[in-house]
Amino acid sequence: MLTYADHNSLPNLYKILTGEIMPKHIWVDATRCSGCKICEQICAKTHYNAQNPSKAALKIHTVFTEEKIWHTHSVCQQCGPNAPCIKACPTGALYWETNGKMAHLAINLDKCEGHFLCVSACPFNAIYRHPTIGNPIFCDLCGGEPQCMRWCPMGAIRLVE
Amino acid sequence: MGELKGGWVGKILRVDLSKGNIKEQEVSKELAYEWIGGRGWGVKILWDELEAGTEPLSPDNKIVIATGPLTGTIVPSSGKVVVAAKSPLTGGYGDGNIGTHLGHMLKMSGYDAIIIEGASKKPVYLWITPNGVEIKDASHLWGKNTIETEIILRRDHGNDIGAIVIGPGAENLVKFSVVISEYGRAGGRPGIGTVMGHKKLKAVVAQGWNDIPMVDIDAAYELAYEARRYLMSNPGYRKWIEQGTMMTVEWSQEAGVLPTHNFTDGEFEEYMSIGGETMAKTYKMLRKGCFSCPMPCGNLSIARFGKFERTWAELDYENVGMLGSNIGIGSMDAVIKLNRLADEWGVDTISLGSVIAFAIELYQRGIISKKQTGGLELKWSDPDTAIQLAEMIIKGEAIGKLLAEGVKKAAEKIGGEAPKYAIHVKGLEVSAYDCHAAPAMALSYGTSPIGAHHKDAWVISWEMKYGREKVDKAKVDKVIEFQRIRGGLFEILTVCRLPWIELALDLEYYPKLFKAITGLDYALDRFYFIADKIYNLMRAFWIREFGHWKREYDYPPRKWFEVPISKGMLAGRKLSKEDYDRLLDMYYEARGWDKNGVPRKSTLEKFGLTDVIAVLEKAGIKLSE
């Protein structure tokens with residue numbers, strides 16, 4: 001079961017199963033969100049030091065239909081060490097990282113060869129491929145202090161378990 | 001990119017629709033440093049490239065779609081774009097700004113601005129990405145309303161796009177057509193949509209993924225965060241995000257400036273039912289913000305009762321004032337329906353409200369007859385009449401064909417008493433502030449460089465505090481100050497003015513952000529100097545088109561001078577022509593223009609507009625020293 005996961009996944013899984021760590025993920029309250037995309041901008045700034053919302057790991061979609069408009073989002077749900085993306089990675093570059101309190105998906109860039117199988121494996125469409133970046137983009141919770149949460153003017157972004 | 005280090009991405013796209021040519025050109029240092037962007041580029045490019053007397057609806061007219069150095073960045077409320085062209089409604093300079101995702105998408109695909117020339121024979125739309133620019137066939141979109149069009153574009157190109165589109169109004173060359181983005185955002189009141197319709201350009205769509213260069217990105221983000229926190233600590237913030245501009249309805253009623261029955265009454269009994277409180281409590285279903293905006297004002301509202309149930313639209317004060325109280329409609333559901341129709345058809349809500357009210361008033365006064373209206377009885381407070389009339393305007397039936405020209409031309413054609421009831425300046429319909437007893441706001445409408453619009457100098461709130469009776473230099477100074485800031489600074493940086501006007505954001509943030517992003521150290525005074533230069537060039541543009549200038553062109557609507565307010569606390573009040581003339585004289589003096597409103601030679605020289613002097617003198621216009 002754990003063969004495709006990184007070596008440090010086993011203790012993490014143990015911690016998760018025993019309730020020591022609860023994997024958290026970003027969640028956007030659609031009733032508060034205004035679709036301003038400040039979160040996307042700060043995400044790209046934090047990770048790539050660029051003014052470029054298309055490099056963000058959190059995407060806000062404003063969906064238009066004849067009947068209504070609503071704001072929805074897609075962001076890594078931090079499925080855990082058994083995530084489909086981790087399973088799909090042919091080089092074992094994706095792994096489940098922990099910093100003691102927070103567990104999140106992480107990538108070993110030395111191993112990543114840019115097959116992007118994780119992108120198609122993700123059931124939430126939350127791993128992205130950017131035309132100018134050779135590795136997948138996904139949410140790493142900024143190592144425990146998500147910047148999008150800090151910047152959201154509407155207070156719509158929360159960490160949920 | 002040459003000398004430009006950040007803010008501007010450095011390229012302008014030039015599209016010739018007649019030949020199907022697509023060219024790129026570098027942003028020159030002069031254009032960037034001296035004209036900044038947005039409105040500055042709009043007027044500069046149109047002045048340089050258009051011949052005097054260009055027919056607005058001909059392939060010779062050009063559209064400039066311009067962003068500014070701060071557009072599409074983390075700067076609060078920076079999701080704006082300026083669209084400019086020679087106006088088919090007024091015959092002079094026309095521009096408008098629109099809150100849209102096209103701003104950052106255009107810059108991320110590598111262009112600061114687009115210049116559209118010529119006219120296509122068949123419907124097309126522009127598809128812009130960093131991989132290239134295509135002129136694509138739009139025959140499947142032609143005839144569709146703006147909402148259907150945008151849904152199809154998002155289906156074809158993915159949801160992550162920025163687009164401005166036109167509707168059937170612009171296709172039928174209704175003179176006050178606008179461009180629409182994201183269902184409810186409109187821009188380009190002086191018929192910029194009509195120019196696009198004439199060029200058979202259905203939409204401009206961009207998707208970008210390149211970085212926008214910034215000199216000091218860390219400083220810019222820190223400043224933006226600080227500015228954001230400042231905004232959100234304002235006690236008015238909560239009310240603003242609940243009601244947005246809609247809270248002005250109640251304020252206007254109290255101040256006696258709510259336009260009612262074609263600017264007759266100054267107050268409206270049913271204002272509560274179309275007010276901001278009612279909207280926020282009963283009708284609002286979602287907040288919608290422009291790109292990068294921490295104080296979203298988009299009130300997506302849904303009709304709850306009656307036959308318009310489940311219709312939704314994005315409400316704003318101007319829309320509600322003009323399509324509600326101005327035609328006597330006190331039902332929010334009906335206003336939502338009318339607003340939605342205007343957005344679907346891509347016509348300006350302000351002008352639509354004004355022409356409908358104008359037609360109803362003429363009918364009520366017996367100036368036009370049932371024969372002219374095609375058998376339709378026009379009466380106040382009747383949503384069905386308003387909707388039918390609006391449909392006639394879009395389709396060009398009966399009197400609708402006349403009204404589609406805007407109130408000025410319609411009044412001239414009807415003749416007789418009609419021009420007295422046409423509420424416009426320079427041909428552009430007045431937006432929703434009744435200035436029978438507000439001389440400074442009247443001056444602001446009179447001297448606005450695109451015709452009567454509130455975006456340049458919205459002094460009315462200040463004027464109410466200062467004293468509406470007074471006629472003095474302070475009012476003129478305030479109008480000029482607001483024109484510098486709102487019509488200058490914000491329009492050239494192409495960011496939204498609302499953080500400053502509504503939540504008192506310190507203006508000093510803008511030079512600081514400008515420095516962090518572009519690396520250029522400009523003081524506010526330098527922006528004001530550029531703003532004044534732009535106002536002079538816009539005035540020169542009008543003079544070049546008309547071949548002369550009269551101070552009557554800078555007068556507010558005749559009705560404010562001649563027909564007093566009929567009821568309420570301001571009953572009997574009207575604007576004094578003498579007072580207005582005094583204000584106008586002071587305004588001209590402060591601007592360095594002569595008695596007729598023509599810039600003096602010394603003024604133009606001060607701003608380095610020597611080529612303007614040569615062009616105007618060649619056209620036989622006498623400039624005083």
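The values are calculated or read from the model by the stated rules, or taken from the named source; none is laboratory data. Predicted, not measured: the structure shown is a model, and the values here were computed from it. Glycine also receives a Cβ, built like all others from the backbone with ideal geometry; neighbour counts cover every protein chain displayed. Remember, those area values only see protein heavy atoms, side chains included, never the ligands or the DNA or RNA. Shrake-Rupley method; radii C 1.70, N 1.55, O 1.52, S 1.80 Å.
What are the ³J(HN,Hα) values, in whole Hz, obtained from phi via the Karplus relation 6.51 cos²θ - 1.76 cosθ + 1.60 with θ = phi - 60°, for each residue of segment B:426-442 in sequence order, with x given for Gly and Pro?
Working through the residues one at a time gives 6, x, 8, 4, 6, 7, 7, 9, 7, 10, 4, 10, 8, x, 5, 5, 4 Hz.
Give me the percent relative contact order of chain B, please, defined on Cα pairs under 8 angstrom at least 6 residues apart. Mind showing how you got there, number by number?
Numbers: 1440 pairs, mean separation 94.3, N = 625.
Relative contact order comes out at 15 percent.
Using the heavy atoms of the protein chains alone and a 1.4 angstrom probe, what is the accessible area of segment B:318-405 per residue in square angstrom?
Numbers: 2460 Å² over 88 residues.
Accessible area per residue, segment B:318-405: 28 Å².
Lysine pairs in segment A:15-144 8 or more apart or on different chains: how many have alpha carbons under 23 angstrom apart?
Final tally of qualifying lysine pairs is 18.
Test of understanding: what is the full-extension gain from residue B:156 to residue B:413, defined as 0.36 nm times their sequence separation minus their Cα-Cα distance?
88.1 nm
Once Lys and Arg get +1 and Asp and Glu get -1 on their Cβ, which of B:247, B:257, B:608 lies farthest toward the positive end of the dipole of chain B?
B:257
Between residue B:548 and residue B:237, what is the FRET efficiency for a Förster distance of 30 Å, r being their Cβ-Cβ separation, to the nearest 0.05? Display every interim value, and only then the final one.
Values: r = 49 Å, r/R0 = 1.62.
With R0 = 30 Å, the Cβ-Cβ based efficiency is 0.05.
Rounded, prolate or oblate, given the Cα gyration tensor of segment B:519-582, with a/c below 1.5 counting as rounded?
Oblate, because a/c is 1.5 or more while a/b does not exceed b/c.
Over segment B:251-422, what is the mean sequence separation of C-alpha contacts under 8 Å (at least six apart), divided by residue count, expressed as relative contact order in percent? Don't jump to the answer; show the numbers that get you there.
Details: 274 pairs, mean separation 28.4, N = 172.
Averaging sequence separation for qualifying contacts and normalising by length gives 16 percent for segment B:251-422.
Of the heavy-atom accessible surface of segment B:11-206 (probe 1.4 angstrom), what whole percent is carbon and sulfur? If you can, show how the numbers build up before the last one.
Numbers: 2110 of 4830 Å².
Carbon and sulfur: 44 percent of the exposed surface of segment B:11-206.
Can you give the helix-only mean residue ellipticity at 222 nm for chain B, where every DSSP H stretch with n ≥ 4 adds -39500 (n - 2.57) and the sum goes over all residues, rounded to the nearest 500 deg cm²/dmol?
So the calculated ellipticity at 222 nm is -11500 deg cm²/dmol.
Under the 0.36 nm per residue contour assumption, what length would be gained going from the current alpha-carbon distance of residue B:25 and residue B:122 to full extension? The partial results should precede the final answer.
Numbers: separation 97, 0.36 × 97 = 34.92 nm, distance 2.61 nm.
Answer, rounded to one decimal: 32.3 nm.
Restricting to the protein assembly as shown, compute how many DSSP beta bridges are antiparallel as a %, nearest 5.
Bridges in the protein assembly as shown are about 85 percent antiparallel.
By how many nm would the segment from residue B:370 to residue B:562 grow when fully extended, if each residue of separation counts as 0.36 nm and the alpha-carbon distance is taken off?
Gain on stretching residue B:370 to residue B:562: 66.5 nm.
Determine the equivalent ellipsoid of segment B:365-468 by diagonalising the alpha-carbon gyration tensor, then write out the semi-axes as square roots of 5 times the eigenvalues, largest first, rounded to whole Å.
So the three semi-axes of segment B:365-468 are 30, 14, 13 Å.
To the nearest 0.05, how large is the calculated FRET efficiency for residue A:99 and residue B:229 if R₀ is 30 Å and r is the Cβ-Cβ distance? Don't skip to the answer; put the middle values down first.
Working: r = 28 Å, r/R0 = 0.93.
Result of the calculation: an efficiency of 0.60.
What accessible area per residue, rounded to a whole number of Å², is obtained for segment B:11-206 using a probe radius of 1.4 Å?
25
To the nearest hundred square angstrom, how large is the accessible surface buried between A and B, total for both chains, probe 1.4 angstrom?
3200
Let me know the shape class of chain B, please: from the alpha-carbon gyration tensor, a ≥ b ≥ c as square roots of the eigenvalues, rounded when a/c is under 1.5, otherwise prolate if a/b is greater than b/c, or oblate.
Note, shape of chain B comes out rounded.
Calculate the mean, over all residues of peptide A:36-44, of how many other protein chain Cβ atoms lie within 10 angstrom of the residue's Cβ.
Average neighbour count from other chains, rounded to a whole number: 5.
Residues of segment B:220-253 with backbone nitrogen within less than 17 Å of a virtual label 7 Å along the Cα-to-Cβ line of residue B:506, please, listed as ranges.
Backbone N within reach: B:220-235.
Dipole magnitude of chain A about its Cα centre, charges +1 at Lys/Arg Cβ and -1 at Asp/Glu Cβ only, in debye to the nearest 20?
Rounded to the nearest 20 debye, it is 240 debye.
Please check segment A:138-156 for residues whose accessible area, probe 1.4 Å, is lower by 20 Å² or more when all protein chains are in place than in their chain alone.
In segment A:138-156, residues shielded by partner chains: A:150, A:151, A:153, A:154.
Among A:159, A:90, A:123, whose Cα sits farthest toward the positive end of the charge dipole of segment A:9-160 (+1 at Cβ of Lys/Arg, -1 at Cβ of Asp/Glu, about the Cα centre)?
Selected residue: A:159.
Any residues in segment B:194-243 that have 50 Å² or more less accessible area with all protein chains than in their chain alone, probe 1.4 Å, and which are they?
B:209, B:211, B:217, B:221, B:225, B:228
Name the residues whose placed amide hydrogens come within less than 5 Å of the amide hydrogen of residue B:68, ignoring near sequence neighbours (fewer than 5 apart) on the same chain.
B:38
So which residues in segment B:285-329 end up with at least 30 square angstrom less accessible surface once the other protein chains are there, compared with the chain by itself, probe 1.4 angstrom?
Residues losing area: B:286, B:287, B:288, B:291, B:292, B:312.
With the Cα gyration tensor of chain A giving a ≥ b ≥ c as the square roots of its eigenvalues, does the rule (a/c under 1.5 for rounded; else a/b larger than b/c for prolate; else oblate) give rounded, prolate or oblate?
Prolate, because a/c is 1.5 or more and a/b exceeds b/c.
Divide by every residue of chain A the summed helix terms, -39500 (n - 2.57) for each DSSP H run of at least 4, and state the resulting mean residue ellipticity at 222 nm, rounded to the nearest 500 deg cm²/dmol.
-5500 deg cm²/dmol
Per-residue HN-Hα couplings for segment A:73-78, Karplus 6.51 cos²θ - 1.76 cosθ + 1.60 at θ = phi - 60°, whole Hz, x for Gly and Pro?
Values per residue, Gly and Pro as x: 9, 9, 8, 3, 8, 6 Hz.
Please report, in debye to the nearest 20, how large the charge dipole of chain B is about its Cα centre when each Lys and Arg carries +1 at its beta carbon and each Asp and Glu carries -1 there.
Values: 80 positive and 81 negative charges, 149 e Å.
Around 720 debye, computed over chain B.
Scan around residue B:260 for amide H atoms under 5 Å from its own, H built in the peptide plane at 1.01 Å from N, and keep only partners 5 or more places away or cross-chain.
B:265, B:266
Taking R0 as 30 Å, what's the FRET efficiency between residue A:133 and residue B:477 from their Cβ-Cβ distance, rounded to 0.05?
That pair, residue A:133 with residue B:477, gives E of 0.05.
With label points built 7 Å along Cα→Cβ from the Cα atoms of residue B:18 and residue B:589, find their separation and express it in nm.
Distance between the two pseudo-spin positions: 4.8 nm.
Could you tell me what percent of the accessible area of segment A:9-160 is made up of carbon and sulfur, with a 1.4 Å probe and every protein chain present? Before the final figure, lay out each step's value.
Details: 3410 of 6420 Å².
Carbon-and-sulfur percentage of accessible area, whole number: 53.
Taking 8 Å as the Cα distance limit and 6 or more residues as the minimum spacing, I'd like the relative contact order of segment B:11-206 as a percentage.
In percent, rounded to a whole number, it is 23.
Net charge near residue B:108: determine it from the other residues with C-beta under 13 Å of the C-beta of residue B:108, scoring Lys and Arg +1 and Asp and Glu -1. Walk me through the numbers on the way to the answer.
Values: positive: A:37, A:55, B:11, B:107; negative: A:40, B:112, B:160, B:211.
Around residue B:108, the charge tally is 0.
Residue A:94's amide H: which non-local residues (gap 5+, or another chain) put their own amide H closer than 5 Å, with H modeled 1.01 Å from N in plane and none for Pro or chain starts?
Here the answer is A:108, since their amide H atoms fall under 5 Å of that of residue A:94.
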